Each structure stands twice: as C-alpha cells, then as structure tokens.
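**Q** I am attaching a structure below and will ask some questions about it afterwards.
The values are calculated or read from the model by the stated rules, or taken from the named source; none is laboratory data. A quick note: this is a predicted structure, and the numbers were derived from the prediction, not measured. Positions of Cβ are backbone-derived with ideal geometry, glycine not excepted, and every protein chain shown enters the neighbour counts.
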Amino acid sequence: MKHTTFLDKLSQAILLQSDMQLSNCIIVLPNKRAKVFLLESLKNHLDSTSFAPTIISIEDFIQEISGLRTIDPIELLFEFYEIYLSVTESSKQQPFDEFASWAKTALQDFNEIDRYLLDSRHVFSYLNNIEALKRWNLEPSNTTKLIDVHLEFWSKLPLYYKTFYDYLLKKGIGYQGLLYRESVKNLIPFTSTITSQIYFAGFNALNQAEERIFKYLLSEKKAKIYWDIDAVFLNDSYHDAGLFIRKFKKEWKPFVSQDFEWVVNHFSEEKSIEIIGTPKSIGQAKIVGTIIEKIQSENPNLEKTAVVLGDENLLLPVLYGLPESVNALNITMGYPSKNNPAQLLISKLFKLHTNAKQRNEKSYTFYYKEVLDILNHPLVEPYCKVEEVVKVINNNNFTFFSNQKLFSLYEEKYPNAANKYFELLFTRWDDSISDILANLNAILLTIKSHLSNDDAEEKVTKAFVYSVFKTINKLTNYYETYNQIKSLSSLQAIYKQIIDLAEVSFEGEPLSGLQVMGVLESRVLDFENVIITSVNEGKFPAGKSQNSFIPYDVKKELGLPTFKEKDAIYCYHFYHLLLRAKNVWLLYNTDNEGIDAGEKSRFITQLEIEKQPKHSITSSIYNAVLPEKASEPLTIPKTTKILKRLHEIATDKGFSPSSLTNYIRNPLQFYMQRILRINEADEVEEDIAVNTLGTIIHNALEELYTPFLYNFLELHDIETMEAKIDEVILKHFKEIYKEGEITRGKNLLAFEVAKRNVYNFIQLEKKDIEAGNAIKVLLLEANLSCELEVKSLPFPIKIAGKVDRIEERNGVVRIIDYKTGRVEGNSLKILDFIDLTSDIKNEKVIQLLCYALMFENHELKQHREVTAGIVSFKNMKSGFLPFGLGKGKDSEVVISKEILEDFKVALETLIEEIFNPEIPIKEKV
C-alpha cells in the first residue's frame, strides 16, 4: 500500500484552503532541510503556476519575531569575554582559553534558561544556595582559597548573565535563547502586523517559549498546526514517541480552534524490519553497501531510500562502501570538520610550529616525526616533490633540525624545482597572528588549486578544504574584531574550539538518488526504504551526558529538559523514520569494547517486545567469514627465473654464511632479501638500533687494531689504543649514525656502552699479553671466499663473507666473530654433523665453520692449526668462546680437514635443498 507522505498531505491541506493565496502563506518547519522537499510536493499538486509560499525554519521564524540577529557560538564567546573583562577585577581575569573552558557551559545554561522563560534571578540564587550548602555554610575563617573562588564564581553568574543579556540586546544580536525570550515579549506587536496565514508543521518537542508563541498565534486564529503522530504512540501513555504530543493534545484545547491534526495509522501496517548486528563500525558500512545493492536489484531508483547515520563519523566509511551503481547521491547532513583531512593537516602544522617555538627560543627546531607526518600527508605528498628529502632524513638519522636545514635539503635534492607549497608549510611562524592566518589561507588555496571539479573524490576533498578555509577566515575576523588572540598557543586553542563546531557541507541533488542524512535531518521526511546505522545505546539515543552547571534534580524542578526528555525526542525521530517505511534495516555494533562500542539500543528491544501483528522482524548477527586458519604459510614454487637468480648468486657474489642461516631460519626471508633483493626501508633511528651499535663497535676495533697488523701486540700498543677509544668511537658514531642525536637520552647511554665494550675488549687483550700470550692480528674485517663442489650441480657454489678478525695466538690461528649480544659457550658445541643445517640453533656454528672453510686455502694459514669462536661483548668475562665438537671440557677442537669435510657434506645437503626445483620456498611459521 502506497502511503501519502506527511509533506504531500500538508501540501494538499494548504492548497484546499482556497480562500488563501499560496504566496500569502508562511510555513514553519522544524528545520531548513525539508524546504526543498515541500516545494517539490507543492509543485506536484498544483495545476497552474503560482508564487511559492514563504517556507522557513523555526529558528528563522523566531529571529523574525524578535527582530534580532543570531550569532555563531564562537563570536558569542568573544562577546561574552568582553563583558567578563568589564565586570571582573583585572587581578582575577582569566586568559581567553581558560575562560572559554567554562564559558561555553555557562552560555548553554543561559540559553536553556531563556528558551524556557525562567526567572534568571531565581535560578542563579537557587544554584548559589546549593553550592553554599555543599560547603555546610562554612564561616569565612574555615574556607580555603579554592572554596572562596568557587563560591565567588556562583555569586557572579547573575551579574554575567544580566550584563551580557543587556549588552547583546543593545547591539541587536543574541544567542538562540535570548531571541526566544525577546520574541515572546514582542509577540503581540508582531501578531498585529501579520496578514499571512501561518502553518506550523511536523513539530514534536517544544520549549516553553515556542509553546507560548504557538498557543498565542493559534488562539488569535493567525496560525494552524499540523502534527505527525501515529495512533499507536499517541494512545500508549508509556510510549516516549508520543510523550510531548500527548501533553499538547491534552493541554492546548482552549487555544486551538481546529481539530487535532493529524493522527495516522501507518506504524501498525505491514513492514519488513531486519535487525543486523555486526562487529565494529566498518562492518556496518559494508552491510549498508550490500543492502543498497539488494534494493537496486529490485528497483534501480533510490529516491525513496534513505541511509540515516546514528553516528555522523560513519559517513566516509559508508560513502566508500556504496556500490558503483549508485550514480545519484545527496548528503543532507553536516560532517564534523574536525575529522576531515584538511583539518588534520592544519592541526599537524599547529603542532609542528608550536613545538618548534617552544623547544628553544633562539633556534626554530623541527622534530623529524612531525615533519614526516606533514610530508606524507595525502594533501601534501602528491603535490610536493619530497621523496628524496624523506630519504635523506631517514638515511641520515635527522632527529631534530632547523627549518633552514630542511629548505637546504630540498634545494640540494631539487635544485631547479622551487616549490611555493613546500615553503608555505615550513616557513617559520613568528609572533604575528595575522601572518600565521594568512599563511594557512595560502596553504588551503594552494591545495584547492591542485584539485579537479571533474573527479568525484576530489570534489569531496574540495568540500573538506573549503570548510577549513571558512574556519580560518572566521579566525581572522575574530582576531581583527576582538584582539583577544595574543599568542600562538591561544590561537591554537581557539582554532580547536571553532573546528569542533564547524561542519562540512556537501553539494548534491536533494530530490534525486540515495539520501544520506543524520537523525535530525530526517525530521518531516518519509521514505519507503530506511537503513539506520549505529542503533546502539549512547549513539541512538545519545545517552545521559549533561554539559551543564545545573544539576539533574534542579532541572527537573524548574521544568528544564533532562536526558529523559532528550531520549524521548530521539524516540520520536526513530519511530517517525519507521512510520511510513515499508522496509527497514537497523544496524548496530555487537562489539562491547572500543570507542564505538555499546549494547544495542533500547529502541530495538522495544520494537521486538511491542511487536505489531503485521510487522515482520528478523534478527541476525553478521560476522566476517573467517578461515579455520588465520593464514597458510606462503609457498613459492622454484620457477626458472628463481633458479636462474640462485645460479647468479652462487657464481657471482656468493652465499654468505648469514644468508645460509637466513634460509634455515625462514626460506621466505631468504627469498625476499637475496632473490628479490628487497631491503628494509630506511627509517630514522631515534634510538640507536642494536645492529647500528654493533657496526660502530666493529669499525672502531678495526681502526684501533689496523696500525698493528702482522706484528705481535705489545703492552704499549694496547695503551696507545686505550688513549684513542673516545675519539675513534665518536668518529664512527658520526659516520654511521650521521645526524642522529648522541649527546643525551638513550643514545648517550649507547655511546657510553660502545666505549665500555671496546675498553673491556682491549683490557681482555691486555691481560692475555700480561699472561704471556703471543698475539699477532693477521686480518681485520677481511673478505674471504671459497668454492664448494656439489655433486648434483654442474657449477661450483661460491661461499663468501666478511670475517671480523683472524689472529695468530701462540702459533695457532684463531678466527674470531664479534657479537654485541649475549652468547653462551654451550651454543657453539655440537655432538656431530647430523642435521646440522636443519636447526637454526646451530647458526653460529655454521657461520664459524664457513669462515674456517673460506680460510682453509688462504695464504696466511701456512699449515697452522685453526680454531674458531666468538667474543660476546655482553659475556666478556667468558672471553673467547670456541667452537667445540663432542662432550665435556675437551670439546674444544682444532678445525681439522676431517671436520671441514664433514661440514662440507652437511653444507652440500643445504645447497642441494636450495637449488632443488622440486622443493618450493616455504614460509616458516
């Protein structure tokens, strides 16, 4: 059954009253959004051309009666601050950002007091007495300074209110409540001038001022009122959807000459209602897309379909989740500007420049993370050439640097590419607030110049940029008008407050395609297909949050709305959405953890418990399909190209001992690093990484020992090295860590650790010499290699790597590998060579034996015995930890030809596996 919408019914009723010209009608609606829909409805019911009626929102109507102009909340805050300064002693005056923290709440309470026409003196004296009672009427001698300040604030509220009210009235401006109070005062003279017929349509909850105005105009027969309520809600005395209209129907009879219109019977008619729970908000966005596809498959026209967002932050996920077949879309809601990408960029710029000023008064120092946040931002990275600059910052470990250094890096990498946008982003912000605001405006205009009107995504981005551009312009006007923004920190605080209130408006065709809207924008409108998201407690309804100085019980006594009345308003909006709908989908988040969590809304439970006979209600929980296993180990077959690359490695650079142990640890990692040659991306090491510290220690030891190569070490050689430790460590820190900060924090500790490790190693050497050991260093950081013949392969396999140190000690050659981590001697002992290369715990043994194998035919060996082992800087007291074969103390062995032959057999097995085309590269998990 096709229902007549409320606006269609209203159009018919107005047109039937033939004694009144349409152009002589004033139609007052709860919001501005419905105007275009009502005009379309009137047009469809007219047979001839006619002048349109005046259609306005209730706020505009009140403004017209009062003869005052409403101002935005931030301008109101500045005006209030002017009054606050004028009535507060200079010694007790707060800066604007501190004042704003409580003034917003006070203004909200002023607004409520005026909208409900309460006697302000009574309210404030009541609150003052409550606060005094809380302190048990302490004598002045028993109070603290904090209590005195607190009580003084409450005693001054009436003065703030009265002075501010009079001040605004004199200027012809005001907040919403002031306009309401003045419109009631001005109601009689205004009514005497009215020649038009007024129609109030689609209202639900009314404040005291609205009630007074409506009743008076109705009693004077200047107006008619049309409600939109269903009999189910009106006749059920406990149903919150009818809470307010039941009251008006009962109490307004003396003021209303017309019949009570309209009570409908649509809610109890046939409806399909699907209740779908899914974890997280993103799940709801995906389900919305699926439902839209289903609706389109039955009827491509989506004009009678609405997506109502219980949580406005879900807008972007829902838009991205819509199917491509949606070619007409209208967004009739304000998206919070604080979440848009352009605003996030401006916030990052505030953070960067505020912190740069605060770090050091003399120098303007940027922190690398804040710079990279901006350079990698989606509204910067595509329009600035920054790839090379980012690489330099990462490669050179720039942690803190000046903006001039950043500009010089840019010029060095892009000498002929002057980029005004880059300059605007990182030009120093001085103390001139007007210059900062002009700079931000220039940044936003530059972004706009890069955006196209043809691309749908870029059009959305342009809406975001324009929203922030308007905010910055407002800031500029406030700064020039009120002169209360004295510093960058106060500018940042005020910007945050403005952006919290700002919204992004999107362009669209309101009468065609899918309608996406917020809850309040859905008032007066009717749709056949309704999808409502975030139907959770705390979202829909919004919950018990009370941003007010007036306690709950006082509000109840004074007749001010509490969360109970606000929940009833949400209840009416919810059931009105369902009123004439045929198909309804209610989506809620099943996850009870996280920011967007919460149990399903009481409205869903109420629908289920009070199920109408003709309603078909189904409930389901949607979970993403999860495989039995989180993931299967990745398996890569050895293709011809892979085998060719392995052959190239084997015959060119060779396999290093670490790459072979890498294969044992995880063949996929070996595949990534050696076959695909994918290296880890360079990032700034804010704290020195372990491998970087190891490189510094290795290089320092190489430099210290190089002058004494091929000579037996003497004690005076050790003393010479000791004297150079600090200088050499600092030199290699700067070479390896580059621009990284080493004068403080963890890096200073790392610097001292490096010095201590090198010093301890040299002391160990010194003790050995004093004990009579003859030590001669033969090689340092030496590149060695050898070829291994594998029977199953037609080419030799090259094994190559760098050995940290090879020395002669008492006639025996010792191969030494430095480890900055902790190594225990037992990890270098094996019983035999069976399964040596199948277990990663043997990686250090494999590395040592590879070094011995590579050194076997070196000219410096000269038939001397060879041992191999590790010096662990975190286990220095154990000294040299040798490779061992067998059990017990006698396991330390000279690495003989027989041992090397046994090792070759084990190594061949590993090489054969690597080259075997039948054995795929399989990830180890």
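**Q** Looking at this structure, is Glu702 touching a strand residue (DSSP E or B) at 6+ places or on another chain (Cβ under 8 Å), modelled with pLDDT of 90 or more, surrounded by 12 or more Cβ atoms within 10 Å (Cβ to Cβ) and not in a loop (DSSP other than H, G, I, E, B)?
**A** Spelling it out, Glu702 is indeed touching a strand residue (DSSP E or B) at 6+ places or on another chain (Cβ under 8 Å), modelled with pLDDT of 90 or more, surrounded by 12 or more Cβ atoms within 10 Å (Cβ to Cβ) and not in a loop (DSSP other than H, G, I, E, B).
**Q** Could you list, in sequence order, the residues of region 212-225 that are of a type in the set (D, E, K, R) and surrounded by 19 or more Cβ atoms within 10 Å (Cβ to Cβ)?
**A** Matches in region 212-225: Lys215, Lys224.
**Q** In addition: From the list Asp236, Asp228, which residue is in contact (Cβ under 8 Å) with a residue 24 or more places away in the chain and either surrounded by fewer than 21 Cβ atoms within 10 Å (Cβ to Cβ) or among the charged types (D, E, K, R) (or both)?
**A** Only one candidate qualifies: Asp228.
Yes or no, residue by residue, for (1) more than 29 Å from Phe407 (Cα to Cα); (2) among the β-branched types (Val, Ile, Thr):
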position: Asp435; (1), (2): no, no
position: Ile472; (1), (2): no, yes
position: Tyr482; (1), (2): yes, no
position: Glu521; (1), (2): yes, no
position: Val535; (1), (2): yes, yes
position: Lys544; (1), (2): yes, no
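**Q** If I ask for residues that are of a type in the set (S, T, N, Q) and not in a helix (DSSP H, G or I), which ones from region 266-322 would you list?
**A** Ser268, Ser272, Thr278, Asn299, Asn301, Thr305
**Q** Would you call Arg677 in contact with an Asp or Glu (Cβ under 9 Å, 6 or more places away or on another chain) and either at pLDDT below 90 or of a type in the set (D, E, K, R) (or both)?
**A** no
**Q** Identify, by number, the condition in (1) surrounded by fewer than 19 Cβ atoms within 10 Å (Cβ to Cβ); (2) farther than 30 Å from Tyr161 by Cα; (3) in contact with a Pro (Cβ under 8 Å, 6 or more places away or on another chain); (4) not basic (Lys, Arg) that Ala52 doesn't meet.
**A** Against the list (1) surrounded by fewer than 19 Cβ atoms within 10 Å (Cβ to Cβ); (2) farther than 30 Å from Tyr161 by Cα; (3) in contact with a Pro (Cβ under 8 Å, 6 or more places away or on another chain); (4) not basic (Lys, Arg), Ala52 comes up short only on (3).
**Q** Are any residues in region 239-252 small (Gly, Ala, Ser) and either surrounded by fewer than 21 Cβ atoms within 10 Å (Cβ to Cβ) or in contact with a strand residue (DSSP E or B) (Cβ under 7 Å, 6 or more places away or on another chain) (or both), and if so, which ones?
**A** If the condition is that a residue be small (Gly, Ala, Ser) and either surrounded by fewer than 21 Cβ atoms within 10 Å (Cβ to Cβ) or in contact with a strand residue (DSSP E or B) (Cβ under 7 Å, 6 or more places away or on another chain) (or both), then Gly242 is the only one that fits.
**Q** Consider region 845-860. How many of its residues are part of a helix (DSSP H, G or I) and within 13 Å of Cys786 (Cβ to Cβ)?
**A** Residues flagged as part of a helix (DSSP H, G or I) and within 13 Å of Cys786 (Cβ to Cβ) within region 845-860 amount to 7.
Table: residues versus (1) of a type in the set (A, V, I, L, M); (2) at negative phi; (3) surrounded by 13 or more Cβ atoms within 10 Å (Cβ to Cβ).
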position	(1), (2), (3)
Arg814	no, yes, yes
Gly825	no, yes, yes
Ser838	no, yes, no
Ser872	no, yes, yes
Gly879	no, no, yes
Leu900	yes, yes, yes
Thr909	no, yes, yes
Glu918	no, yes, no
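**Q** To continue, here is another question. Look through region 323-354, keep the residues that are among the hydroxyl-bearing types (Ser, Thr, Tyr) and part of a helix (DSSP H, G or I), and return whichever of them is modelled with the highest pLDDT.
**A** My answer is Ser347.
**Q** Is there a residue being crowded, with 17+ Cβ neighbours inside 10 Å, among the hydrophobic types (A, V, I, L, M, F, W, C), under 20 Å from Asp8 (Cβ atoms) and free of Cβ contacts under 8 Å to residues at least 60 places away in the same chain anywhere in region 26-37?
**A** no
**Q** Would you point out which residue out of Ile806, Ile769, Ile729 is buried (at least 18 other Cβ atoms within 10 Å of the Cβ), assigned to a helix (DSSP H, G or I), among the aliphatic types (A, V, I, L, M) and assigned by TED's automatic domain parsing to the domain that holds Pro917?
**A** Testing whether each residue is buried (at least 18 other Cβ atoms within 10 Å of the Cβ), assigned to a helix (DSSP H, G or I), among the aliphatic types (A, V, I, L, M) and assigned by TED's automatic domain parsing to the domain that holds Pro917 leaves just Ile729.
A quick yes/no check of all residues on (1) within 29 Å of Ser534 (Cα to Cα); (2) over 20 Å from the mean Cα position of the chain (by Cα); (3) part of a helix (DSSP H, G or I):
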residue: Ser467; (1), (2), (3): yes, no, yes
residue: Ile472; (1), (2), (3): no, yes, yes
residue: Tyr478; (1), (2), (3): no, yes, yes
residue: Ile499; (1), (2), (3): yes, no, yes
residue: Pro510; (1), (2), (3): yes, yes, no
residue: Met517; (1), (2), (3): yes, yes, no
residue: Glu521; (1), (2), (3): yes, yes, yes
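**Q** Could you tell me which of the residues Asn355, Asn299, Asn330 is on the phi < 0 side of the Ramachandran plot, assigned by TED's automatic domain parsing to the domain that holds Ala442 and either under 22 Å from the mean Cα position of the chain (by Cα) or not acidic (Asp, Glu) (or both)?
**A** Residue meeting the stated conditions: Asn355.
**Q** Another question, then. Can you name the condition, by its number, that Asp591 falls short on among (1) among the charged types (D, E, K, R); (2) assigned to a loop (DSSP other than H, G, I, E, B); (3) outside the structural domain of Gly310 (by TED's automatic domain parsing)?
**A** Evaluating Asp591 over (1) among the charged types (D, E, K, R); (2) assigned to a loop (DSSP other than H, G, I, E, B); (3) outside the structural domain of Gly310 (by TED's automatic domain parsing) leaves (3) as the failure.
**Q** Identify the residue in region 616-646 that is assigned to a helix (DSSP H, G or I) and either hydroxyl-bearing (Ser, Thr, Tyr) or touching a Leu at 6+ places or on another chain (Cβ under 9 Å) (or both) and, among all such residues, is surrounded by the most Cβ atoms within 10 Å (Cβ to Cβ).
**A** Checking each candidate, the answer is Arg645.
**Q** Right, something else. So which helices (runs of 4 or more DSSP H) are wholly in region 370-428 and hold at least 1 residues that are closer than 24 Å to Glu458 by Cα and in contact with a His (Cβ under 9 Å, 6 or more places away or on another chain)?
**A** Output list reads 420-426.
**Q** Ile58 versus (1) within 29 Å of Leu168 (Cα to Cα); (2) over 43 Å from the mean Cα position of the chain (by Cα): which is the lone unmet condition?
**A** Only one criterion in (1) within 29 Å of Leu168 (Cα to Cα); (2) over 43 Å from the mean Cα position of the chain (by Cα) is unmet by Ile58, namely (2).
**Q** Here's a check for you: in region 83-109, which residue that is surrounded by 13 or more Cβ atoms within 10 Å (Cβ to Cβ) and charged (D, E, K, R) is farthest from Asp166 (Cα to Cα)?
**A** Asp97
**Q** Give me the residue from region 621-646 that is aliphatic (A, V, I, L, M) and closer than 21 Å to Ile919 by Cα and, out of that set, modelled with the lowest pLDDT.
**A** It comes out as Leu634.
**Q** Determine whether Leu748 is assigned by TED's automatic domain parsing to the domain that holds Val894, part of a helix (DSSP H, G or I) and either free of Cβ contacts under 8 Å to residues at least 24 places away in the same chain or polar (S, T, N, Q) (or both).
**A** yes
**Q** Only one of these is among the hydroxyl-bearing types (Ser, Thr, Tyr), assigned by TED's automatic domain parsing to the domain that holds Asn128 and under 46 Å from the mean Cα position of the chain (by Cα): Tyr160, Tyr199, Tyr180. Name it.
**A** When all the criteria are applied, what remains is Tyr160.
**Q** Something else about it: Can you report the number of residues in region 386-410 which are free of Cβ contacts under 8 Å to residues at least 60 places away in the same chain and closer than 21 Å to His353 by Cα?
**A** 12
**Q** When you look at Gln763, is it of a type in the set (S, T, N, Q) and either assigned by TED's automatic domain parsing to the domain that holds Phe400 or farther than 29 Å from Tyr368 by Cβ (or both), yes or no?
**A** Against the criterion (of a type in the set (S, T, N, Q) and either assigned by TED's automatic domain parsing to the domain that holds Phe400 or farther than 29 Å from Tyr368 by Cβ (or both)), Gln763 qualifies.
**Q** Right, another one. Every residue in region 331-350 that is farther than 24 Å from Gly513 by Cα and hydrophobic (A, V, I, L, M, F, W, C), please.
**A** Those that are farther than 24 Å from Gly513 by Cα and hydrophobic (A, V, I, L, M, F, W, C): Ala342, Leu344, Leu345, Ile346, Leu349, Phe350.
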